[in-house]
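Okay, so here's the structure we're looking at.
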Amino acid sequence: MSRPTANTAATASLDRVIAAISQVLLGKDNQVRLAVACLLARGHLLIEDLPGVGKTTLAEALARSFGLAFKRVSFTSDLLPADLTGINVFDPSSGRFEFQSGPLFSQVLLADEINRASPRTQSALLEAMAAGRVSVDGVSHPLPSPFLVIATQNGLDQGGTSPLPESQLDRFLMRLQLGFPQRQAEAALLRGEGLRPEALDTQLQATDLLRLQDQAAGLHTSDSLIAYVLDLLALSREASQPGLPLSPRAGLGLLAAARGWALLAGRDHVVPDDVLAVLAAVCEHRLDGGQCGASPGERSRLLQAGVDGIR
Amino acid sequence: MAPARRRSRPPRLGGATAPLQALAMALLAIGLTGLQPNLLLGAMAIGLGALTALKLWEARSLAEHRLVSLLQLVCAGLLASMRPELGPSLLQAAAILLALAGLLALELDAGLGWQVLLRRSAQVLAAALPLALVLFLLVPRLSPFSAIPSQRGSTAMVGLSDSLEPGSIAELVGNASPAARVAFAGGQPPATEQRYWRVLVHDRFDGQRWTSSTAPAAEPNDPRQRSDSTPAAAGATQLWLTEPSSLVAVPWSGRGRPLSQELLADAGGELLHRGPSDQRRVYAIADDDSVNPWQQQPPSPADLGLPRGQNPRLEALAARWAALPVPIQRLEAAQRWFDSQNFSYSTNPGTLPRQAPLDAFLFERRQGFCGHYASSFTALMRAAGVPARVVSGYRGGRWVQAIGGNSYLDLRQADAHAWSEVWLPGEGWRLVDPSRWIASGGPGLDADQARSGAMGWLQQEWLQQQWWGLDIGWTRLWLGYDRQSQQALLQRLLGDQLQWLGALVLLVLGLCLAVSLAALSWLQRRSEGDAPRRALEAILHQLAWAGLGPEPGETLPAFAARVEQRWPQLVPELERFVDLYQQRRYGPPSRPDRADRELRHSRRQLQHRIQRLPR
């Protein structure tokens, strides 16, 4: 906290990134930090909210300030897997099939309205997210690194959609809800004080991000902290607890996201507060199985209250 | 109405506390049923037990259960002061173990299992053992609480009665129930012909029955009056354990010096016990050959009392002997006469006629048991002008060698016996057992062989004997160490420096207390986690006293933020403490000893701050 650590330089540059993104997405500091933590944890992000609250803006600003290649695909019911991955095209000049890579081959892919695509296409995307590579006609093509999928979906209008099953929701490290901005922030937006994402300067390079991701993965997690995470997981698996039980992958994700958050805070170790900061974002969509309830974050709060945080 | 009220009561405390306390209560109840409610201390203990049980029944909160545990411990202590025998001691130990485990379940406040709790409880008891030992060795012995003089027994239990009327008994039924057990110095019993254990002296005779007139007027057996006597060597005592009896008098050999403070030897040679009757009695007698006052106590006119004219043939016979000049010659003449007649021993002689019963026995029936012989011989002696009286008690007994070296003499009610004592000038009271002159001898002396054959094969009997052996050993442990032994030990330890005694006792007590506390804190350290955790617990405890505790699920920084909001004056110290604690707990391990030192320092500063908070 107050004592200087080796991560001061990294934290300063990350603070700059967050400040830059916050110039674009006004009044959403917490969500921006969570998104950056997700990026540091090498996780994929699901943003669930109404249209027009800044989902795309956040994705674009993230990509731009980290200096990442950004592509956007609007998912529709007739989108085919090949539309994402790309196809082999015959090149008359060389007389061979050349692989024309699809939009998946970018560093940040914004998958708009992911629940409108057919389960087949969703599944192709999620396979790429999990494996970090794409196979077309038997040839494996590695995806660029870093690779981050930011998917959005409209939680309210579910007509004619294919909601993501739990197994696929589990692939997303975090689910964020942006929500409406505060009155002050919205006033600033209306006054035109916010920047366009295109106007953002690149703060860091893609290699910097890889280095930061490594640094986050190396943060110290003590036995006490592991025990805390284990207690949270164990509590979620008790019969008396509402919601689905958390999987071991959820535990790994929770710890990775907490590491990202700790790096943002400039610590060389993870504390329970880091876990709590990312708990709702990491666990809520796993607990409620994608059914966004009337009281968001309720199940995570129950988990938190059930486990003694002072240890 | 009632159900609604019941619903409004808070739920019972979870965990093992309530069942453990209920078990302890059950054991205590068993122990308390053995007490006599008509004695002050017994009534108090029973009342306290009932109170504790009621409190346990209604206990809901932590504080109430804590109170129950403490009351149970007090109850067990009260019980221990009254029932120190082996069986009750084991029961009390189990009750204390359970009560303590219940308390631990309460205080440790974690879902600990029964086994863990009982083990911890045993550890705590073990830690208290040195202190208990020193207290046992050094704390001055008080006179027993229960030393309330009681009336001479009026109701007779099986075996012995305070009146003897052999003529009215048609048949003597052998009763093998236990009467007493004696352990001897050196572990060897006296010779068979010396095993006469006198209990009651009957000096009044109305022609039918023998009763006692001796008033318990002798001087009390006050140890201060015997201060010139040497402290009893620990081994040279007879240890008696008698079964409950309504008689005040207890058996003894008539020789030796009563040691226990409850004992009182009266002028007639009865040994009176002031302890509560209807309870087992335990007492010690110094095993020496000193002549007791009662043996030289001159006879009273009652010792010659005989209703004249009731048994004319008896009087006529005695008149012949009365002509002999020396009492011992009259005694020898009587022995010769008994030898010459055809007497036999019988346990079912039938009742004697109300008219001239002794004549009927001596000159017609000529068969009967010890009571008949003692009664008629004593009457003969009195008629011949020799002071005589009937003594009843026990004869013989079976020598049992239990494993573990605890050997003892086992007296049964069937060993009850009656004999005579005659006064011989210059010698005092002499024991005369007319039953032994009878050819068939009667039971008692050869009962060892008779009964051992019948008992050997009974496994239950064998177990009973071993248990009694253990009981004797245990009793020797606590009773053998009386005031004299204590003084002897201190003398041996200190020589003549008894004036330093107080200081030394305090010193040893303090040392033992320190050892016990150290052992306890060591146990606590093992149970409560590492140093940072203890520092944190101390701070949290102090803050809770000040009025702020953590919410469920709250982390330390979040709680600290709330504390700082309420008491801004704590900010620098609390920030530093939380910082150090989190670093120590979650940070990469580096120099943990230094980190602990810093944390301790920070904790002290913070505690100092918290103490100065306005209340």
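The values are calculated or read from the model by the stated rules, or taken from the named source; none is laboratory data. None of the values given here were measured: they were computed from a predicted structure. Cβ placement follows ideal geometry from the backbone for every residue including glycine, while neighbour counts extend to all protein chains displayed.
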Among the hydrophobic types (A, V, I, L, M, F, W, C) and surrounded by 13 or more Cβ atoms within 10 Å (Cβ to Cβ): does that describe B:Ala538? yes
With (1) more than 12 Å from chain A (Cβ to nearest Cβ); (2) more than 22 Å from B:Arg612 (Cα to Cα) as the list, and B:Gln582 as the residue in question, which single condition is left unmet? (1)
I'm trying to understand the selection: among the residues of segment A:268-292, which are crowded, with 24+ Cβ neighbours inside 10 Å, of a type in the set (D, E, K, R) and under 13 Å from A:His220 (Cα atoms)? A:Asp274
Find the helices (runs of 4 or more DSSP H) located wholly in segment A:13-97 whose residues include 3 or more that are modelled with pLDDT of 90 or more and either under 14 Å from the mean Cα position of the chain (by Cα) or of a type in the set (Asp, Glu) (or both), and list them. A:29-40
Please verify whether A:Gly52 is on the phi > 0 side of the Ramachandran plot and more than 14 Å from every other protein chain (Cβ to nearest Cβ), treating the condition exactly as stated. yes
When segment A:87-120 is examined, which residues are found to be among the polar types (S, T, N, Q), touching a residue at least 40 places away in the same chain (Cβ under 8 Å) and over 23 Å from A:Glu60 (Cα atoms)? A:Asn88, A:Ser118
Somewhere in segment A:180-198, is a residue under 29 Å from A:Gly260 (Cα atoms), surrounded by 13 or more Cβ atoms within 10 Å (Cβ to Cβ) and of a type in the set (S, T, N, Q)? no
If the requirement is being within 18 Å of A:Leu263 (Cα to Cα) and of a type outside the set (Lys, Arg), which of these qualifies: A:Gly54, A:Gly67, A:Gly27, A:Gly43? A:Gly43
Do we have B:Ser61 as surrounded by fewer than 18 Cβ atoms within 10 Å (Cβ to Cβ) and either of a type in the set (Gly, Ala, Ser) or closer than 28 Å to B:Leu241 by Cα (or both) here? yes
Given (1) surrounded by fewer than 24 Cβ atoms within 10 Å (Cβ to Cβ); (2) within 14 Å of chain B (Cβ to nearest Cβ), A:Ala262 misses just (1)
Please state which one of B:Arg603, B:Arg534 is of a type in the set (Lys, Arg), within 30 Å of B:Gln123 (Cβ to Cβ) and within 14 Å of chain A (Cβ to nearest Cβ). B:Arg534
Kindly provide the set of residues from segment A:175-198 that are among the hydrophobic types (A, V, I, L, M, F, W, C) and in contact (Cβ under 8 Å) with a residue 60 or more places away in the chain, ordered by number. A:Leu176, A:Leu178, A:Phe180, A:Ala185, A:Ala188, A:Leu189, A:Leu195
Considering each residue of segment A:199-217, count those that are assigned to a loop (DSSP other than H, G, I, E, B) and surrounded by 11 or more Cβ atoms within 10 Å (Cβ to Cβ), and give that number. 5
Out of (1) over 19 Å from B:Asp203 (Cβ atoms); (2) in contact with a helix residue (DSSP H, G or I) (Cβ under 7 Å, 6 or more places away or on another chain); (3) of a type in the set (Lys, Arg), what's the single condition that is false for B:Arg336? (2)
Matching residues, segment B:554-573, being more than 21 Å from A:Asp274 (Cα to Cα) and not in a loop (DSSP other than H, G, I, E, B): B:Gln565, B:Arg566, B:Pro568, B:Gln569, B:Leu570, B:Val571, B:Pro572, B:Glu573
Restricting attention to segment A:284-311, the residues that are away from every other protein chain (no Cβ under 14 Å) and either under 21 Å from A:Cys38 (Cα atoms) or among the charged types (D, E, K, R) (or both) number exactly 9
Restricting attention to segment A:140-179, the residues that are small (Gly, Ala, Ser), at pLDDT 85 or above and loosely packed, with under 13 Cβ neighbours inside 10 Å number exactly 1
Return yes when B:Gly393 is buried (at least 22 other Cβ atoms within 10 Å of the Cβ), in the same structural domain as B:Pro325 (by TED's automatic domain parsing) and not in a helix (DSSP H, G or I) and no when it is not. yes
Return the total of residues in segment B:556-579 being within 9 Å of chain A (Cβ to nearest Cβ) and within 19 Å of B:Asp530 (Cα to Cα). 3
From the set of residues in segment A:220-257 that are buried (at least 20 other Cβ atoms within 10 Å of the Cβ), in contact with a Leu (Cβ under 9 Å, 6 or more places away or on another chain) and within 11 Å of another protein chain (Cβ to nearest Cβ), which is farthest from A:Ala130 (Cα to Cα)? A:Leu225
Name the residues in segment A:258-307 that are farther than 23 Å from A:Ile18 by Cβ, hydrophobic (A, V, I, L, M, F, W, C), in a loop (DSSP other than H, G, I, E, B) and touching a residue at least 40 places away in the same chain (Cβ under 8 Å), would you? A:Cys292, A:Val307
Read through the list (1) away from every other protein chain (no Cβ under 12 Å); (2) surrounded by fewer than 15 Cβ atoms within 10 Å (Cβ to Cβ); (3) at pLDDT below 85, then give the number of the only condition that B:His608 fails. (3)
For segment A:130-179, give me each residue that is assigned to a strand (DSSP E or B) and more than 12 Å from the chain's Cα centre (by Cα). A:Arg133, A:Val134, A:Ser135, A:Val136, A:Val139, A:Ser140, A:His141, A:Pro142, A:Gln153
So B:Thr475, is it modelled with pLDDT of 80 or more and of a type in the set (Ser, Thr, Tyr): no
Output the residues belonging to segment B:574-605 that are outside any helix (DSSP H, G or I) and either of a type in the set (A, V, I, L, M, F, W, C) or surrounded by fewer than 19 Cβ atoms within 10 Å (Cβ to Cβ) (or both). B:Pro588, B:Pro589, B:Ser590, B:Arg591
Test result for A:Thr11, over 21 Å from A:Thr207 (Cβ atoms) and hydroxyl-bearing (Ser, Thr, Tyr): no
Take the conditions closer than 30 Å to A:Gly67 by Cβ and at pLDDT 90 or above and apply them to A:Arg211. Does it pass? yes
Which of (1) crowded, with 16+ Cβ neighbours inside 10 Å; (2) not in a helix (DSSP H, G or I) is the odd one out, the single condition B:Ala99 does not satisfy? (2)
Quick one: in segment B:396-435, which of the residues that are among the charged types (D, E, K, R) and surrounded by fewer than 17 Cβ atoms within 10 Å (Cβ to Cβ) is modelled with the lowest pLDDT? B:Glu427
